[in-house]
Amino acid sequence: MPTLVLLRHGQSQWNLENRFTGWWDVGLTDKGRAEAVAAGELLAARGFDFDCCFTSLQSRAIRTLDLVLEAMDRSWLPVTKDWHLNERHYGGLTGLNKAETIAKVGEEQVKIWRRSFDIPPPQLDEDSPYRIRGDRRYAGIDIPHSESLKMTIERVLPYYEAAIVPALRAGQRVIISAHGNSLRALEKHLSNIADADIVGLEIPTGQPIIYELADDLSVTDRYYLSERTAA
């Protein structure tokens, strides 16, 4: 039976600083790197192995996957990187400290931007230092100006169906190293979570989520590996 492992990248520098990150490229902290190594060691200790790997074009997710595979002695595994697995684009919130933003515009407004299903944050200003036009990795891509969770799901799920489902249907063992919101999109689909409930799903950094799937890819079990006692 196919196995799917979802992994949110380890703690990033802007996670630590409580800033909206989105598509901006931010590296891992020492804690984030340690989380990734620990995840790889736990996966190996519990007997997990993979046939193919997927990640975004953002370095925090790529580096997390690299560290996981190194800890598993699987650095040679094929890895596919694609922008469809990128984090949600936070638009004009990018780079802002979350607490300072609440103080400026109010907790209710920030809650709407962060937790509503289909209301995106304000768009990024044309002169924002966080615009990423000209970045080679996004050549030919229509970079969003801002995304709601709904918009993020609308780009993640077609990619999942086109690129990842065929590997799972072939019985391959797959790991996806991505981001809080791109993984919410997958969790919503796999676990059939309602629109109103998915926005409240918290996904911790560096904690492997295991999806055991039947041959028809229906979910037979879902759990955090760290919470499941070894057999």
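The values are calculated or read from the model by the stated rules, or taken from the named source; none is laboratory data. Note that this is a predicted model, so its numbers are computed, not measured. Backbone-built Cβ (ideal geometry, glycine too); neighbour counts: all protein chains shown.
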**Complete:** Exception for D25 within (1) touching a residue at least 24 places away in the same chain (Cβ under 8 Å); (2) over 16 Å from the mean Cα position of the chain (by Cα); (3) surrounded by fewer than 23 Cβ atoms within 10 Å (Cβ to Cβ) falls at (2)
**Prompt:** With (1) surrounded by 13 or more Cβ atoms within 10 Å (Cβ to Cβ); (2) at pLDDT 95 or above; (3) out of contact with any Asp or Glu (no Cβ under 9 Å at 6 or more places or on another chain) as the list, and V199 as the residue in question, which single condition is left unmet?
**Reply:** (2)
**Asked** Looking at the stretch 109-159, which of its residues are among the aromatic types (F, W, Y) and either over 20 Å from I203 (Cβ atoms) or in contact (Cβ under 8 Å) with a residue 60 or more places away in the chain (or both)?
**Response** F117, Y130, Y138, Y159
**Asked** Which of the following residues is of a type in the set (G, A, S), surrounded by 15 or more Cβ atoms within 10 Å (Cβ to Cβ), at pLDDT 95 or above and in contact with a Leu (Cβ under 6 Å, 6 or more places away or on another chain): A178, A163?
**Response** A178
**Request:** Can you give me the ranges of the helices (runs of 4 or more DSSP H) entirely in the stretch 53-135 with at least 3 residues that are under 25 Å from E17 (Cβ atoms) and at pLDDT 95 or above?
**Result:** 59-71
**Prompt:** Considering the stretch 195-231 alone, what residues qualify as being farther than 15 Å from R46 by Cβ, charged (D, E, K, R) and free of Cβ contacts under 8 Å to residues at least 60 places away in the same chain?
**Reply:** D197, E202, D216, R222
